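Asks: Please see the structure below; I have some questions.
The values are calculated or read from the model by the stated rules, or taken from the named source; none is laboratory data. Keep in mind that this is a model prediction, so the values were computed, not measured. Don't worry about glycine lacking a Cβ; one is built from the backbone with ideal geometry, like all the others, and counts go over all protein chains shown.
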Amino acid sequence: MTPQENTYSGSSLGLVHHSQTHKGDRTYNEDAYCHARDKHIVSFAVADGMGGAAGGLQASHLAMQAVRTSALTLEPQTFHDQMLAISELIQAEQQSHPEHSSMSTTVAELRIDTYSQKAIWAHWGDSRIYWFRAKELVAMTIDHSVVQSLVSAGLLSAEDARTYPKKNILLGAVGVNSEVGPEVLSHPVDVSSEDAFLLCTDGIWNNLSPEQIQESLKQSSSVQDWISDLMTAVEQAGRGKNDNFTATGVWITSDSERTLLLKREGHESAISDALGS
């Protein structure tokens, strides 16, 4: 299990985040995650690669590298175009390396402007973003998948969807000629202190319901406790059959000077970063 923790602080909103990824019961991990910043805009993203061990890993890491180097903006059309550019990048890689011709990946990306106190997000595939306010679920991305289309059409219940035999078939993903393109929030939304976000691959939400995720958030005293609790719950729920699973939690805090004491490899370290410095 690979953790990452950090604290961002600025003259307005403070952000605390924590990420973990696990290969589950597979022999390799095709998931990836990243965070980046451009002045006062911070980006968080997760990806779930597909196309075999080497191909899926390559696709998810190419996507995260592209996110890190993108000029961050909250303008929806530009964000949409940047998602398309990531897909074109992966398709170009497919042409250069035929052994990776079937590689693709999901992407879910959240951007927060700490000065304007607004956020926007985009996704392509079935990696999800959950938005909580006062620890209550406010919004969740809608998967680009066959099973979700059946649920949306009223042909399948949400409960039955969890065990549907074709639940992994996607209608859209990065790097393929998709029936569905990237979906970007139509306009930035206001965010405030005590809001929380979860970005995760399907290895998380296949095992945990939104209610379980929300209850874990209510019981957690820190963002790293929340993500660690979710990871443990997935391990227990999978019972030896887990896919790769990855989660990034983002908490918005009112105390921009806050510094968390974090544990990494048995050593406590304080990590603080000033936005715009």
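Asks: Can we say residue 88 is acidic (Asp, Glu) and under 27 Å from residue 27 (Cα atoms)?
Replies: Here the answer is no, as residue 88 does not meet what is asked.
Asks: Output yes when any residue across segment 126-148 is in contact with a Ser or Thr (Cβ under 7 Å, 6 or more places away or on another chain) and more than 30 Å from residue 77 (Cα to Cα), and no when none is.
Replies: no
Asks: Another question about this same structure. For segment 176-201, how many residues are modelled with pLDDT under 95 and closer than 21 Å to residue 33 by Cα?
Replies: 1
Asks: Also, quick follow-up: Applying the selection to segment 226-276, what residues are at pLDDT below 90, assigned to a strand (DSSP E or B) and within 30 Å of residue 40 (Cβ to Cβ)?
Replies: 253, 260, 261, 262, 263, 264, 268, 269, 270, 271, 273, 274
Asks: The conditions are (1) under 23 Å from residue 41 (Cβ atoms); (2) at pLDDT below 95, and residue 159 fails exactly one of them. Which is it?
Replies: (1)
Asks: Looking at segment 165-172, can you tell me whether even one residue there is in contact with a strand residue (DSSP E or B) (Cβ under 8 Å, 6 or more places away or on another chain) and basic (Lys, Arg)?
Replies: There is at least one residue in segment 165-172 that is in contact with a strand residue (DSSP E or B) (Cβ under 8 Å, 6 or more places away or on another chain) and basic (Lys, Arg).
Conditions tested, residue by residue: (1) over 26 Å from residue 61 (Cβ atoms); (2) without any contact (Cβ under 8 Å) to a residue 60 or more places away in the chain; (3) surrounded by fewer than 20 Cβ atoms within 10 Å (Cβ to Cβ).
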| residue | (1), (2), (3) |
| --- | --- |
| 217 | yes, no, no |
| 220 | yes, yes, yes |
| 226 | no, no, no |
| 230 | no, yes, no |
| 238 | no, no, yes |
| 243 | no, no, no |
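Asks: Same structure again: Does segment 182-202 contain any residue that is assigned to a loop (DSSP other than H, G, I, E, B), touching a His at 6+ places or on another chain (Cβ under 8 Å) and closer than 29 Å to residue 88 by Cβ?
Replies: Start the filter on segment 182-202 by keeping residues that are assigned to a loop (DSSP other than H, G, I, E, B), which leaves 182, 185-188, 191-194, 201.
Now drop any that are not touching a His at 6+ places or on another chain (Cβ under 8 Å), which leaves 182.
Imposing the further condition that a residue be closer than 29 Å to residue 88 by Cβ reduces the set to 182.
Checked against the condition, which is being assigned to a loop (DSSP other than H, G, I, E, B), touching a His at 6+ places or on another chain (Cβ under 8 Å) and closer than 29 Å to residue 88 by Cβ, segment 182-202 yields at least one hit.
Asks: Take segment 121-154 and flag every residue that is at positive phi and either surrounded by fewer than 23 Cβ atoms within 10 Å (Cβ to Cβ) or part of a strand (DSSP E or B) (or both).
Replies: 134, 135, 154
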